[in-house]
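Just below is one structure, and these are the notes that go with it.
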Protein chains: 2
Amino acid sequence: MTTRTVCLALDAQDPLAPLRARFDLPPGVIYLDGNSLGARPKTALARATEVIAREWGEGLIRSWNTAGWFDLPKRLGDRLAPLIGARAGEVVITDSTSLNLFKALAAALEMQADHPGAPRRVIVTERANFPTDIYMAQGLASWLARGYTVRLVDSVEELPGAIDADCAVVMLTHVNYRTGYQHDMAAVGSHVHAQGALMLWDLAHSAGAVPVDLNAADADLAVGCTYKYLNGGPGAPAFIWVPERHQASFHQPLSGWWSHAAPFAMAPAFAPADGIGRALCGTQPVVSLALVECGLEVFEETDMAAIRAKSLALTDLFIDLVEARCGEHPLGLVTPREHERRGSQVSFTHPHGYAVMAALIERGVIGDYREPAIMRFGFTPLYTSFADVWDAVEILRAVLDEQAYDIAASRGAVT
Amino acid sequence: MTTRTVCLALDAQDPLAPLRARFDLPPGVIYLDGNSLGARPKTALARATEVIAREWGEGLIRSWNTAGWFDLPKRLGDRLAPLIGARAGEVVITDSTSLNLFKALAAALEMQADHPGAPRRVIVTERANFPTDIYMAQGLASWLARGYTVRLVDSVEELPGAIDADCAVVMLTHVNYRTGYQHDMAAVGSHVHAQGALMLWDLAHSAGAVPVDLNAADADLAVGCTYKYLNGGPGAPAFIWVPERHQASFHQPLSGWWSHAAPFAMAPAFAPADGIGRALCGTQPVVSLALVECGLEVFEETDMAAIRAKSLALTDLFIDLVEARCGEHPLGLVTPREHERRGSQVSFTHPHGYAVMAALIERGVIGDYREPAIMRFGFTPLYTSFADVWDAVEILRAVLDEQAYDIAASRGAVT
């Protein structure tokens with residue numbers, strides 16, 4: 001039987017345990033919301049000071065070149081690449097996930113428009129996808145006015161059948177933000193390709209959370225987020241991946257001067273840069289962008305296999321303890337038990353999920369809530385310990401046993 | 001005759017002189033490139049520390065609400081509004097200028113598509129506009145595939161005639177980035193409306209530089225930059241203005257979840273927010289965004305009339321001194337002498353402009369260079385003194401008299 005002592009022993013053997021010291025976490029908090037906003041790397045403050053005081057304050061305009069500000073999207077993209085199975089020169093960190101999705105979708109539709117055969121005018125995605133992905137697809141489809149539509153699929157089981165000869169591109173979030181369900185990237189992609197469609201992955205809840213190998217899975221395009229498991233800072237710029245084989249045919253309408261082949265020629269006609277640079281648009285928020293590096297540096301001290309092993313151990317432990325110690329309460333596991341289908345979060349429903357989560361946060365266990373009735377707990381192996389899991393479940397048990405939650409509390413939530 | 005002593009006397013009488021202490025500028029530098037990247041407000045470092053250490057590090061996910069991160073685009077937009085003649089609730093600070101231009105152009109085209117009469121499918125702009133504006137318009141027009149085109153006008157004189165019954169929207173940068181030419185916002189806008197078109201202004205070189213009154217000028221839409229005269233920090237998020245009268249009909253394709261009426265309802269169908277919120281898209285880079293406030297705060301200690309009076313005095317002085325003291329050198333004034341047509345910069349051509357500017361920078365006078373042969377000098381009344389102008393001209397004179405520049409130097413430039 002698991003006890004807190006057992007958890008402490010697991011921590012003592014945990015090869016990732018020393019990395020917790022790389023993060024600044026407030027005392028008295030068990031932070032299980034790194035799937036929404038990652039914790040602060042301790043180096044972030046010094047890096048911000050360097051960018052603001054020295055690079056901006058002293059270097060001024062010269063820092064675009066001397067401090068390498070122009071190169072940040074590519075340089076940091078190269079540093080992120082190994083975490084998602086990308087090659088150098090295939091990723092840039094830039095803009096928001098929503099915007100990068102728009103670029104990727106637009107490019108995919110154009111690639112398909114060039115193909116022979118019947119016009120493919122359907123974007124397939126899941127109704128349960130994170131809403132902004134759906135909204136961006138709807139925005140693009142309705143504005144193109146060539147009969148493009150977005151097809152929302154109601155379940156994972158219905159997905160294969162929904163990918164037909166009309167389908168131009170399948171856009172899926174690899175790990176679902178609400179349930180933690182993880183698609184089989186290679187298998188889904190293979191089916192999509194067999195139907196003649198392109199495969200676009202949103203890695204918002206995957207990058208830094210689970211092993212991803214985009215090139216091995218033969219994916220076509222991907223986007224993702226740096227402020228969740230990558231610990232890049234609040235609202236830090238997102239990323240977009242375009243594999244080498246698609247770069248020459250990648251064209252997107254957000255063709256700002258940073259995506260131009262020669263931005264400082266100031267030519268009045270657009271010509272896209274060679275390579276991944278064409279996925280950029282306009283000037284980037286340098287301070288926020290530079291801080292992404294502080295999060296990426298920590299990953300270079302370990303690897304995704306070690307992170308995944310601990311992630312599964314943490315989520316297994318959490319599921320086991322909740323079911324063993326809170327079993328009399330109406331909690332429903334939403335996240336797959338099967339390792340291969342699980343991301344790095346665990347979600348439970350509870351009829352008063354919002355109120356229970358509010359009570360947990362009040363007691364220092366920070367997870368979050370998503371409609372309908374879902375309590376989300378994110379597990380970030382870089383800074384979450386096995387003892388944290390034990391303590392979080394004990395606090396959950398106390399809140400539930402004591403009914404120490406206010407059912408009438410008003411609602412609000414944050415991704 | 002003007003002497004350095006006269007300049008020092010002007011500084012002694014300058015009501016804006018005390019504001020220089022609000023900025024961090026390196027010793028030995030005369031910074032005449034605030035039109036490209038504004039100087040660092042001294043408060044920026046403390047604000048960054050607060051956001052990173054306290055709001056991110058301690059508040060973690062809770063800071064989206066408790067630290068007001070979600071409200072930053074609107075709250076800072078309201079603070080910027082008085083500088084451009086906007087009302088509260090008409091401006092958000094978000095994304096890049098390029099992206100905001102895309103949203104505004106798309107919305108303008110749709111507003112025109114609803115109008116009766118012949119289809120208006122032409123976007124009119126100047127060939128001399130900042131390239132990213134042209135690229136974004138070209139990107140939008142080519143992707144809409146309804147026959148939209150971008151018409152490039154070769155001179156200010158040809159502009160009125162180019163606005164015809166096919167013209168949907170006129171998109172102009174109010175103050176030209178290269179020449180410093182300032183359009184007559186009210187007169188141009190009035191002509192545009194008389195032709196049945198909409199008027200979209202790019203205020204990148206106007207906001208914080210010259211008085212702007214968008215509502216008084218009956219403008220339709222506007223975008224602009226916070227990292228130039230507004231001193232918001234490198235690559236800080238840009239702004240977009242949608243007047244109240246157009247908000248209900250403002251629809252744009254970059255419809256991410258931040259532009260949704262109820263982002264946390266997580267509904268699978270997009271419904272735009274009421275008001276200016278519909279001009280947002282995805283999650284914003286909080287650290288960079290928060291620093292914009294440090295620049296805006298300084299403007300609240302003065303007003304645009306005082307800034308304009310000093311700006312004209314500085315640019316008059318610079319033109320007079322260069323012509324008086326460097327008159328034997330082949331310098332050509334590109335910027336209008338007429339006050340009403342001048343922004344807050346002065347541009348001179350020189351056959352070896354790039355090399356001369358490099359030599360100036362080497363000696364601590366930081367301006368920049370733009371093809372063809374143009375040396376740009378930006379004058380930012382908040383931190384530039386009359387003695388700075390004198391000293392800069394003396395250094396320019398020395399560089400020219402001594403031919404102390406390397407004609408063979410390689411080229412590079414930054415906006």
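Rule-based calculations on the coordinates, nothing more; no lab input. These figures come from a predicted structure and were not determined experimentally. So basically every Cβ, Gly included, is an ideal-geometry build from the backbone, and we count neighbours across all protein chains shown.
With θ set to phi - 60°, apply the Karplus curve 6.51 cos²θ - 1.76 cosθ + 1.60 along the range A:185-191 and write out the HN-Hα couplings as whole Hz, x wherever there is a Gly or Pro.
4, 5, 5, 4, x, 5, 5
Taking a spot 7 Å from the Cα of A:R341 along the direction of its beta carbon, which residues of the range A:142-175 have an amide N less than 17 Å from it?
What the label zone holds, given the 17 Å backbone N cut-off, is A:154-161, A:173-175.
Find every distance from the label point of A:H191 to the corresponding label point in the other copies (7 Å from Cα along Cα→Cβ) and write them in nm, one decimal, shortest first.
List, nearest first: 6.1 nm.
Quick one: which of A:342-355, B:390-403, B:223-236 comes out on top by average Cβ neighbours within 10 Å, and what's the full order, highest first?
Descending mean neighbour count gives B:223-236, A:342-355, B:390-403.
Across the range A:226-242, in residue order, what do the Karplus-derived ³J(HN,Hα) couplings come to in whole Hz, using 6.51 cos²θ - 1.76 cosθ + 1.60 with θ = phi - 60° and x for Gly and Pro?
Result, ordered by residue: 9, 9, 9, 5, 8, 6, x, x, x, x, 4, x, 8, 10, 9, 10, 10 Hz.
Averaged over its residues, how many other protein chain Cβ atoms are within 10 Å of peptide A:100-106's Cβ atoms?
Other-chain Cβ atoms within 10 Å of each residue's Cβ, averaged: 2.
Going by a ≥ b ≥ c, the root eigenvalues of the Cα gyration tensor, does the range A:68-300 fall in the rounded group (a/c under 1.5), the prolate group (a/b larger than b/c) or the oblate group?
oblate
Amide H of B:D33 versus every other amide H placed in the peptide plane: which residues, excluding those fewer than 5 positions away on the same chain, fall under 5 Å?
It is B:G378, by chain and number.
When the label point is put 7 Å from the Cα of A:A273 along its Cα-to-beta-carbon vector, which residues of the range A:210-248 have a backbone N closer than 18 Å?
Within reach of a label on A:A273: A:222-224, A:237-248.
Based on the Cβ-Cβ distance of B:S155 and A:S155, what FRET efficiency does E = 1/(1 + (r/R0)^6) give at R0 = 56 Å, to the nearest 0.05?
Taking R0 as 56 Å, the efficiency between B:S155 and A:S155 is 0.40.
Across the residues of B:136-143, average count of Cβ atoms on other protein chains within 10 Å?
If you average over the peptide's residues, the count of other-chain Cβ atoms is 6.
I want to check the label-to-label distance for B:T66 and A:R75. Put each point 7 Å from Cα in the C-beta direction and report it in nm to one decimal.
Once both label points are built, they end up 3.5 nm from each other.
Can you check what the net charge comes to around A:A67, using other residues whose Cβ is under 11 Å from the Cβ of A:A67 (Lys, Arg +1; Asp, Glu -1)?
-2
Calculate for the protein assembly as shown the 222 nm mean residue ellipticity that helices alone would give, adding -39,500 (n - 2.57) per DSSP H run of length 4 or more and normalising by residue count, nearest 500 deg cm²/dmol.
Computed ellipticity for the protein assembly as shown at 222 nm equals -10000 deg cm²/dmol.
By the gyration tensor of its Cα atoms, with a ≥ b ≥ c the square roots of the eigenvalues, what is the shape of the range A:317-415: rounded for a/c under 1.5, prolate for a/b over b/c, or oblate?
Here the range A:317-415 falls in the rounded category.
Cross-link partners among lysines for A:K310, C-alpha distance below 27 Å, same-chain residues fewer than 8 apart left out?
Here the lysines satisfying the reach criterion relative to A:K310 are A:K42, A:K228.
Note down the net charge around A:S385, summing +1 for each Lys or Arg and -1 for each Asp or Glu among other residues with Cβ under 15 Å from its Cβ.
Result for the neighbourhood of A:S385: -2.
Can you give the relative contact order of the range B:68-300 as a percent, counting alpha carbon pairs under 8 Å and 6+ residues apart?
24 percent
Assume the label is 7 Å from Cα along Cα to beta carbon: what separations in nm does A:D303 have to the matching positions in the other copies?
6.7
Whole angstrom only: what separates the Cα centroid of the range A:50-127 from the Cα centroid of the range B:256-319?
Here the answer is 23 Å between Cα centres.
Using a label point 7 Å beyond Cα on the Cα-Cβ vector, give me the inter-copy distances for A:E338 in nanometres, one decimal, shortest first.
Label point to label point, same position, other copies: 7.4 nm.
Just check the range A:1-149 against the gyration tensor rule for me: Cα atoms, a ≥ b ≥ c as the square roots of the eigenvalues, rounded for a/c under 1.5, and otherwise prolate or oblate depending on whether a/b exceeds b/c.
Oblate shape, in that a/c is at least 1.5 and b/c is the bigger or equal ratio.
Give the long-range amide H neighbours of A:H352: residues separated by 5 or more places, or on another chain, with amide H under 5 Å away, using H modelled in the peptide plane at 1.01 Å from N.
Placed amide hydrogens put nothing under 5 Å from A:H352.
Where the centroid of each part is defined by its Cα atoms, how far is the range B:187-236 from the range B:335-397 in Å?
Each part's Cα centre sits 24 Å from the other's.
So if I take the alpha carbon set of chain A, get Rg, then get Rh from the Kirkwood formula, what is the Rg over Rh ratio?
0.99
Out of residues 5 or more away from B:D202 or on other chains, whose amide H comes under 5 Å of its own, with H placed 1.01 Å from N in the peptide plane?
For B:D202, whose amide H was placed from the backbone, the distant partners under 5 Å are B:L172, B:T173, B:H174, B:V223.
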